[in-house]
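What follows is one structure encoded as structure tokens, with my remarks underneath.
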Amino acid sequence: MSDPARRPPRFDALADLPDVPADTLGLEAEEMRRLGYRVVDMVVDRAMRRGQEPAILTGAPEDLRAALGGPLPEAPIDPEASLDLMAEVALAHQQHGDHPRYFARVPGPAAFAAILGEWMGTGFNTICASWGGASGPAMVELVVIDWLAEMLGMPAETEGVLLSGGSMGNLTGFAAARAALGPGVAYLTDQTHASLPRNLRTLGFAQEEIAKLPAEADWRMSADTLRAAIARDRAAGRRPMMVVATAGSTNTGAVDPLPEIAEICAAEGLWLHVDGAYGAPAAITPEGRAALAGMERADSLALDPHKWLFQPYDLGVCLVTRPGALEAAFAISPEYLRDVRQAGDAVNFGNRSLELSRRSRALKLWMSLRTYGADRFRAAVRRGMELAELAERVLRERPGTWEVVTPAQLGIVCFALRGADAGKHEAAARAVSESGYACVTTTSLGGRSVLRLCTINPLTTEDDIRGTLERLAAV
Ligand SMILES: *Cc1c(COP(=O)(O)O)cnc(C)c1O
């Protein structure tokens, strides 16, 4: 490291900058700085105003095309005008999942330190495919996977890979299971997220290898139904292979009975995959760890830090507790793998999923865990669970108006207006969302329409919840 050209750069020596082109396509360094600072100001200003903008705004296709399209720009257009247009039109017309009254589907309350990590990775054009080409970012990814596994209470041998989201996290776990155990039947329930059957079909599971079991009255998988289905399939000459359990369903926050399912998988020699895309982060708190007991016995676990770990899109994770299982499924050059084993920690992340050239999604999690510390994450996740409990209490204050259909579970509560049908619920949700005050969606439980709040934004207040419920009841 004594040759100055081989020393990593320091960033406090700006006076010594050489006089060379700064931008591949010709922006001047001073302009790059001016535009960059402007972007920071726009992002921070918007963060300060986010409770005032509509929680969701959807544009008409013809209006959006008229504003954003036009002929191919042959000549340069003022970048400041484009930044303004981007903020005022393109980025204004979306769901603002970090708005304190965005309660629909799953919010995305991203934290600023995570956004900084994302910007740095993009600014340095980081790739994290091979150890040789990305040893620094690869170590960051290894470190955040260890930190995540520790926070979630997963075993010490846990390995993983960062991906674009829960869909890819689940797909990657399924592919590892299939590579380890071969083809066979996968068991899930009618409460399993819709992307999971799609993943299985994409991987080539036949229709009769996707066994969708009816959930119990509390919307959880029944261990008895699972045992019976496995026995029935074996008797019919099929080969049970994997159970897909949900740790926090998107509909209700319900957790399948993980300890019993893990026992069944151990006894039957099946792979246990846990879809924790929504709920797994709850396990970083003592209350959530208790609700998710048994998750640590998963062979593979998917989770979505862009949901409940305050990361900007996109960031999903696949963790496996069978060392080498990801490489066994995805390594494209087995001779390469020998080097990996020799080098221990020198992981080629391009050998752990379908993504080869891939950006470093670990930087944002690394930056935010260091900036805030794990305890602030725990407090923020706990607050999300408490807010759903608060919403449930507020609903129960007016039993003549509201019925609580599923209690607060991992930050989600489902409820109904007394006497309302699907049309009335949808009209109430639409009116509140179109007013811009809040964003609420309905869902369907066993054919019954319900309203639903997902309350994982730690900036949400009691007034936000009361105000939203009052407006829903008034429609
Ligand atoms: C959101 C979600 C998914 C899909 O994750 P994406 O990040 O949207 O791809 C899968 N399962 C559950 C339980 C989810 O909540």
Q: Just need a number here: residues in the range 49-78 that are surrounded by fewer than 15 Cβ atoms within 10 Å (Cβ to Cβ) and not in a loop (DSSP other than H, G, I, E, B).
A: 9
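Listed here are the residues, each with its yes/no results for (1) modelled with pLDDT under 95; (2) within 16 Å of the ligand (Cβ to nearest atom); (3) farther than 30 Å from SER449 by Cα; (4) surrounded by 20 or more Cβ atoms within 10 Å (Cβ to Cβ).
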| residue | (1), (2), (3), (4) |
| --- | --- |
| GLY166 | no, yes, no, yes |
| THR172 | no, yes, yes, yes |
| LEU196 | no, yes, no, yes |
| ALA206 | no, no, yes, no |
| ILE210 | no, yes, no, no |
| ASP224 | no, no, no, no |
| ALA245 | no, yes, no, yes |
| VAL255 | no, yes, no, yes |
Q. Do you know which residues across the range 203-219 are over 19 Å from ALA176 (Cβ atoms) and either part of a loop (DSSP other than H, G, I, E, B) or among the hydroxyl-bearing types (Ser, Thr, Tyr) (or both)?
A. ALA206, PRO214, ALA215, GLU216, ALA217, ASP218, TRP219
Q. Considering the range 295-316 alone, what residues qualify as being within 10 Å of the ligand (Cβ to nearest atom) and either within 21 Å of VAL347 (Cβ to Cβ) or not in a helix (DSSP H, G or I) (or both)?
A. ALA302, LEU303, ASP304, PRO305, TYR313, ASP314, LEU315, GLY316
Q.
It is to be established whether one or more residues within the range 92-100 are within 16 Å of the ligand (Cβ to nearest atom) and crowded, with 22+ Cβ neighbours inside 10 Å.
A. yes
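To keep it simple, each residue is scored yes or no on (1) modelled with pLDDT of 95 or more; (2) within 17 Å of TRP119 (Cβ to Cβ); (3) over 37 Å from the mean Cα position of the chain (by Cα); (4) not in a loop (DSSP other than H, G, I, E, B).
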site	(1), (2), (3), (4)
PRO9	no, no, no, no
ASP12	no, no, no, no
ALA15	no, no, yes, yes
VAL20	no, no, yes, no
ASP23	yes, yes, no, no
GLU31	yes, no, no, yes
LEU35	yes, yes, no, yes
VAL44	yes, yes, no, yes
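Return the residues of the range 265-287 that are more than 15 Å from the ligand (Cβ to nearest atom) and either in contact with a Ser or Thr (Cβ under 6 Å, 6 or more places away or on another chain) or outside any strand (DSSP E or B) (or both); say none if nothing qualifies. I'd like the intermediate steps shown before the answer.
Step one: list which residues in the range 265-287 are more than 15 Å from the ligand (Cβ to nearest atom), which gives 265-272, 284-287.
Answer for the range 265-287, where residues must be more than 15 Å from the ligand (Cβ to nearest atom) and either in contact with a Ser or Thr (Cβ under 6 Å, 6 or more places away or on another chain) or outside any strand (DSSP E or B) (or both): CYS265, ALA266, ALA267, GLU268, GLY269, LEU270, ILE284, THR285, PRO286, GLU287.
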Q. Quick one: ALA156 ticks every box in (1) surrounded by 14 or more Cβ atoms within 10 Å (Cβ to Cβ); (2) more than 18 Å from VAL40 (Cβ to Cβ) bar one, so which box is it?
A. (1)
Q: Just need a number here: residues in the range 220-259 that are farther than 26 Å from ALA176 by Cβ and in contact with a Cys (Cβ under 9 Å, 6 or more places away or on another chain).
A: 3
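Residue by residue through the range 247-264, note down the ones that are over 21 Å from the mean Cα position of the chain (by Cα) and assigned to a helix (DSSP H, G or I). Walk me through how you get there before you give the answer.
We begin by selecting, within the range 247-264, every residue over 21 Å from the mean Cα position of the chain (by Cα); these are 257, 259-264.
The answer is PRO259, GLU260, ILE261, ALA262, GLU263, ILE264.
The values are calculated or read from the model by the stated rules, or taken from the named source; none is laboratory data. Everything numeric in this text was worked out from a predicted model, so none of it was measured. Cβ atoms come from the backbone with ideal geometry, glycine included; neighbour counts cover every protein chain shown.
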